[in-house]
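The values are calculated or read from the model by the stated rules, or taken from the named source; none is laboratory data. None of the values given here were measured: they were computed from a predicted structure. Here the Cβ positions follow ideal geometry from the backbone for every residue, glycine too, while neighbour counts run over all protein chains shown. The area values use the complete protein model at the heavy-atom level, side chains included, leaving out ligands, DNA and RNA. Shrake-Rupley method; radii C 1.70, N 1.55, O 1.52, S 1.80 Å.
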Amino acid sequence: MGFSQWLSLTFIFHAFLSLPISSEPSLSPEALPQMPVNFLELAKRPEVFDWMVGIRRKIHENPELGFQEFETSKLIRAELDQMGIPYKYPVAETGVVGYIGTGSPPFVAIRADMDALAMQESVEWEHKSKVPGKMHACGHDAHVTMLLGAAKILQDHRHEIQGTVVLVFQPGEEGHGGAKKMLDDGVLENVDAIFGIHVSASQPIGAVASRPGPLLAGSGFFEAVISGKGGHAAIPQHTIDPILAASNVIVSLQHLVSREADPLDSQVVTVAKFQGGGAFNVIPDSVTIGGTFRAFSKESFIHLRQRIEEVITKQASVQRCNATVTFNNNDQPFFPVTVNNKDMHVHFQKVAGDILGTQNVLEMQPLMGSEDFSFFAEVIPGYFFFLGMKNETQGRFGSEHSSYFRVNEDALPYGAALHASLATTYIQEKQSKPNPPKGSSHDEL
């Protein structure tokens with residue numbers, strides 16, 4: 001018996017022999033359209049909703065940065081253990097991957113990111129971050145919670161799932177490319193598709209927004225050290241001023257988009273870091289600048305990278321300075337463009353429409369923000385969408401990456417139900433199509 005077959009049998013044994021056997025029959029094709037609505041009703045039950053709120057607040061109080069999510073991972077594993085869901089750990093250092101269903105194809109993944117941001121929370125409330133300088137300011141605490149909520153719903157209906165749902169709890173999304181590390185660990189081998197979700201204060205509660213094709217930009221970081229010759233500010237003729245050179249570099253970088261890019265091809269170059277000098281009357285020896293660049297096509301992205309390096313080095317030389325430019329390192333890889341699969345967009349519209357009503361399934365414009373979900377969507381069909389949580393009666397929720405960011409916990413049942421429904425209906429539709437060639441198996445199980 002092959003190793004992958006042995007693992008598959010181990011998973012099936014664990015999933016079905018160590019758990020109570022449900023007497024619920026498998027879903028009939030006639031019952032399929034009603035399933036998403038049923039899942040939302042389940043997620044809204046007080047015992048499920050209160051459980052999710054409690055989990056989200058625990059995670060929010062104890063934020064952890066990328067690849068440091070040890071306590072968050074421990075909480076996830078404890079909840080999966082309690083539900084009897086088998087999982088793999090560690091994956092990409094702190095990640096967790098769970099499995100619900102038959103242990104056989106088709107496989108569909110649903111993903112949540114786990115990490116927080118290096119920010120001090122400004123919102124005063126009972127469950128404020130207990131860790132100085134760290135905060136869940138992008139909703140990843142809600143994302144983990146909603147995926148656990150989906151896991152609870154799916155596990156209760158595991159005998160109706162004629163395939164396998166893969167639960168992907170991903171570390172290090174905030175600039176660290178944790179999705180890429182999970183891919184390198186093989187978590188999506190033989191997985192047919194993956195769905196991802198992000199809370200949004202821009203959309204109303206009970207609504208979702210996305211679009212087919214490019215949704216979020218590809219992004220990268222750059223840093224440059226511009227070196228001159230320091231000296232007294234009163235005698236600048238004896239110095240080579242790197243601050244002046246850096247200032248000219250920054251102005252020239254802004255021309256890359258305004259004068260070189262096609263206005264119909266959205267691009268961004270932003271310098272957000274400028275460090276140099278520590279006194280009013282001393283010209284420093286060097287200045288460090290840094291920023292981000294973004295584009296919606298691979299060609300534009302590569303061109304921007306090339307031109308950024310040329311502008312910095314050559315503009316610095318005009319001012320008699322030297323410049324060295326570095327781009328993303330292994331800990332901060334370039335993020336590809338997030339592209340939604342068009343067939344999965346049709347599936348999303350149908351399922352979300354069944355749950356929320358078609359009037360609450362919105363099509364949005366592309367955003368210049370980026371997501372490392374893009375690494376997943378590069379290798380298998382992927383779909384990423386935004387879950388609304390805006391409610392005027394509850395005040396402003398703050399924007400992502402703001403110290404005033406808040407999560408509307410009323411959105412948690414919607415996210416859990418959408419996760420569960422998208423995965424199960426995808427499996428059902430996949431099963432209705434011709435079977436894959438014999439011999440295909442999931443090497444991870």
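Data for the structure
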| quantity | calculated |
| --- | --- |
| Solvent-accessible area of residue 41 with every protein chain in place, 1.4 Å probe, in Å² to the nearest 10 | 110 |
| Accessible area per residue, Å², the range 235-384 with all protein chains present, probe 1.4 Å | 53 |
| Counted charge near residue 222, where neighbours are those whose Cβ lies closer than 14 Å (Asp, Glu -1; Lys, Arg +1) | +1 |
| Links that overshoot a 24 Å alpha carbon limit, given the list 74/134; 88/180; 298/433; 181/390; 44/430 | 298/433; 181/390; 44/430 |
| Karplus (6.51, -1.76, 1.60) ³J(HN,Hα), θ = phi - 60°, over the range 182-188, in Hz, Gly and Pro reported as x | 5, 4, 4, 7, x, 5, 10 |
| Accessible-area composition of the chain, carbon plus sulfur, in percent [1.4 Å probe] | 53 |
| Whole-number D in µm²/s for the range 346-385 (Stokes-Einstein; Kirkwood sum over Cα pairs; 10 °C, 1.306 mPa s) | 134 |
| Charge dipole (the chain, unit charges on Cβ, about Cα centre) - positive-most of 403, 153, 325 | 325 |
| Semi-axes of the equivalent ellipsoid for the range 279-418, Cα gyration tensor, largest first, Å | 41, 22, 12 |
| DSSP H segments from the chain that extend 15 Å or more along their own axis, Cα-based, with Kyte-Doolittle mean of 0.5 or above | 3-17, 242-255 |
| For residue 406, residues with placed amide H under 5 Å, excluding near neighbours | 398 |
| Cα-centred dipole magnitude for the chain, charges only on beta-carbon of K, R (+1) and D, E (-1), debye, nearest 20 | 560 |
| Most to least accessible of 432, 286, 421 (protein chains only, probe 1.4 Å) | 432, 286, 421 |
| Paramagnetic reach from residue 365 in the range 174-215 [backbone N under 19 Å; point 7 Å along Cα→Cβ] | 200-204, 208-215 |
| Accessible area expressed per residue, the range 31-100, with surrounding protein chains retained (probe 1.4 Å, Å²) | 42 |
| Cα pair distances exceeding 29 angstrom across the chain, given as percent | 51 |
| Efficiency of FRET between residue 429 and residue 45 - r from beta-carbon atoms, R0 30 angstrom, step 0.05 | 0.65 |
| Residue-normalised accessible area of the range 149-226, expressed per residue, 1.4 Å probe, Å² | 23 |
| For the range 164-297: Kirkwood Rh in Å [reciprocal of mean 1/r, alpha carbons] | 19.3 |
| Distance between the range 36-89 and the range 156-191 - C-alpha centres, whole angstrom | 15 |
| Label-point gap, in nm, between residue 259 and residue 279 - each point 7 angstrom along Cα→Cβ | 3.7 |
| Using alpha carbons only: equivalent-ellipsoid semi-axes of the range 68-130, gyration tensor based, whole Å | 29, 13, 12 |
